[in-house]
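Participant: Provided herewith is a single structure, encoded as structure tokens, for subsequent inquiry.
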Amino acid sequence: MVQYSQARFDASFAALSNATRRGVLEQLGRADASITDLAEKFRMTLTGMKKHVGVLEQAGLVTMEKVGRVRTCKLGPRRLDEEAAWIERYSQLWDARFDELDKVVEELKRKEKVDGRKKRE
Amino acid sequence: MDARRESEVALMKNRTMVERKSERELVVTRTFNGPARLVFEAWTKPELFRRWWVPKSMGMSLLSCEMDVRVGGRYRLEFAHGDSQAAFFGTYKEVTPHSRLVWTNEESDQGSVTTVTFAEKDGKTLLVMHELYPSKEALDAAGTGAADAMGETFGQLDELLVTLGASVGRS
């Protein structure tokens, strides 16, 4: 693995550990947005969204720019490719496993239903 | 608008959440549409466990799977990946039916301790898997290992799931 500054790596991990914050980064990758826009898109309160953006800002993943009375969020200077890739790949492994586990659970449920019916008959 | 629609689609499927809680801890969370006793069964019966632990997209096959699920009991999983083989093994430390499993990973001295909890609510089960590694480096390496395992073959997964989904059908 490539060497990274540890503090940077850890702050990014913390920032990326949340689905909403990952969604915000994806969104800002498409276009800059105000906190109000983001709060609406993710159906959150303004305060809640401010907190998420604050965490991303601290990790250097997002920067804020004030134009008049509107504060606009944009992607920060920090590249998140490696950090995001780490979590993403790990998620993919578990996602794949759990999709299979879903099928096993479904089958057990069906079997239980059938067995229950047999007992009653 | 697009983002909203996407997040709605994401909500329909049970999402796997992976969080790096600290330098040494990783937490994976997922809900399953079934009671805890069935989900627990799928984690503790080798014939069920082996059906999902090694998804085909990993490009690996499971050669053997032995699980003696009781406190102090041992497990051993043997994998083949191309020409190479690997074994994973350890000891069950806690076994509380339908609610909690703890085991060690002893294939290296950097192995994690894994705790899985099953919490049932309204017929669904919230599963939380917590992995505690002895060092930050060990956890970094584990993620890289998963990346290696999944990496290039992951593109095949969508196709595979469609095929499997079609053949299994819905109840």
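Every number here is computed from the coordinates shown, using simple stated rules; none is lab data. All values reported here derive from a predicted model rather than from experimental measurement. Methodologically, a virtual Cβ is constructed for each residue, glycine included, from the backbone with ideal geometry; neighbour enumeration extends over all protein chains shown.
Participant: For peptide B:32-45, what's the mean number of Cβ atoms from other chains within 10 Å of each residue's Cβ?
Facilitator: The per-residue average across the peptide is 4.
Participant: With the cut-off at 23 Å, tell me which of the pairs A:LYS113/B:LYS93; B:LYS21/B:LYS136; A:LYS111/B:LYS121 have Cα atoms farther apart than that.
Facilitator: From A:LYS113/B:LYS93; B:LYS21/B:LYS136; A:LYS111/B:LYS121, over 23 Å: A:LYS113/B:LYS93.
Participant: Here is a further query. So, by mean Cβ neighbours within 10 angstrom, what's the order for A:106-117, B:125-136 with the highest one leading?
Facilitator: Going from most to least packed, we get B:125-136, A:106-117.
Participant: Further question: Could you work out the mean count of beta carbons from other protein chains within 10 Å of each residue's beta carbon in B:46-55?
Facilitator: 4
Participant: Beta carbons within 10 angstrom, averaged per residue: use that to sort the peptides A:65-76, B:25-36, highest first.
Facilitator: B:25-36, A:65-76
Participant: I've got another one for you. Starting from the amide H of B:ASN105, placed 1.01 Å from N in the peptide plane, find each other amide H under 5 Å away whose residue is 5 or more places distant or on another chain.
Facilitator: It is B:SER112, B:THR114, by chain and number.
Participant: Next question, about the same structure. Only Cα pairs under 8 Å and at least 6 apart count here; give the relative contact order of segment A:6-120 as a rounded whole percent.
Facilitator: 24 percent
Participant: Going by amide H atoms built from the backbone, whose H comes under 5 Å of the H on B:ARG15, apart from near neighbours?
Facilitator: Those lying under 5 Å, H to H, from B:ARG15 are B:THR31.
Participant: Right, here's the next one. Among residues other than B:THR104 whose Cβ falls under 12 Å from its Cβ, what is the net charge (Lys/Arg +1, Asp/Glu -1)?
Facilitator: Computed value for this residue: -3.
Participant: What does the structure give for B:22-29 when I average, per residue, the other chain Cβ atoms found within 10 Å of the residue Cβ?
Facilitator: 3
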